[in-house]
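Asker: I am attaching a structure below and will ask some questions about it afterwards.
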Amino acid sequence: MDIQRYDRDHRQILSQIDALRALSRAGIGENAEAISDLIISTASHIKFHLAAEDQVLYPALARCKDPATAALGERYRLEMQGLAASFARFVQQWRVPARLAADPEGFRRSANTVLRALFERLQRENAELYPAARTA
């Protein structure tokens, strides 16, 4: 299976996470507008990426003749639901610059939790799911 698009998406999302970290370190209040814009952009990118996974990748893995690969795809699909919901709440809460400026430490805590979980998920997909998909 050709998964180059998913690889490109991951590189882009990881780059956006790095940019959010850099802006946060430089000052959440001072960069609230830029952080808000980047949160919205990242959310849009993730939304399209998840739709592609749900519509193409996971169904292809479910049809795989190797039961272990099919089960792996299903496990990743189910796990993503919780993370997607957490990320959606994060975006809803922090997409407004005034909220960022009003509670920089709250944003920092929330971002550390949600973005770390997203980062770790992308790394696991890169290490386990995508290699299995390439050989499926």
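Asker: How large is the Kirkwood hydrodynamic radius of region 48-105, in angstrom, based on all distinct alpha carbon pairs? Present the calculation step by step, with values, prior to reporting the outcome.
Answerer: Numbers: mean 1/r = 0.0747 Å⁻¹.
Across region 48-105, the inverse of the average 1/r is 13.4 Å.
Asker: I've got another one for you. Let me check something: with ligands and nucleic acids excluded, how do L122, L50, L78 order by accessible area (1.4 Å probe), largest to smallest?
Answerer: Final ranking, largest accessible area leading: L78, L50, L122.
Asker: Something else now. Please work out how much length the chain gains when fully extended from I40 to Q92, using 0.36 nm per residue of separation minus the C-alpha to C-alpha distance, in nm with one decimal. Show your work: numbers first, answer last.
Answerer: On the way: separation 52, 0.36 × 52 = 18.72 nm, distance 0.94 nm.
Full extension from I40 to Q92 adds 17.8 nm.
Asker: Return one number: the angle in degrees, 0 to 90 and rounded to the nearest 10, between the long axis of the Cα atoms of helix 4-26 and the longest principal axis of the Cα atoms of the chain.
Answerer: 20 degrees
Asker: Which label marks the calculated value of Cα extents along the principal axes in Å, given the options (i) 44, 29, 22; (ii) 53, 23, 20; (iii) 45, 33, 22?
Answerer: (ii)
Asker: Between exposed trypsin sites (Lys or Arg not before Pro) in the chain, where DSSP calls loop and at most 12 other Cβ atoms lie within 10 Å, what's the longest gap? Could you put the intermediate results ahead of the total?
Answerer: Working: sites that count: R63, K65.
Here the longest run is 66-136.
Asker: Still on this structure: Can you give the accessible area per residue of the chain, in Å², using a 1.4 Å probe? Provide the component values of the computation, followed by the final result.
Answerer: Details: 7310 Å² over 136 residues.
Result: 54 Å² of accessible area for each residue.
Asker: With a point put 7 Å past each Cα toward its Cβ, work out how far L14 is from T113 in nm, to one decimal.
Answerer: So the label points at L14 and T113 sit 2.6 nm apart.
Asker: While we're looking at this one, here's another question. Quick check: the angle from helix 67-94's long axis to the longest principal axis of the chain, C-alpha only, nearest 10 degrees?
Answerer: Here the helix axis deviates by roughly 10 degrees.
Asker: Oh, and also: Using Cα atoms only, what is the angle between the long axis of helix 104-124 and the major principal axis of the chain, expressed in degrees (0 to 90) to the nearest 10?
Answerer: 20 degrees
The values are calculated or read from the model by the stated rules, or taken from the named source; none is laboratory data. Keep in mind that this is a model prediction, so the values were computed, not measured. Quick reminder, even Gly has a Cβ in these numbers, built from the backbone with ideal geometry, and neighbours come from all protein chains shown. Surface areas here come from the heavy atoms of the whole protein model, side chains and all, with no ligands, DNA or RNA. Shrake-Rupley method; radii C 1.70, N 1.55, O 1.52, S 1.80 Å.
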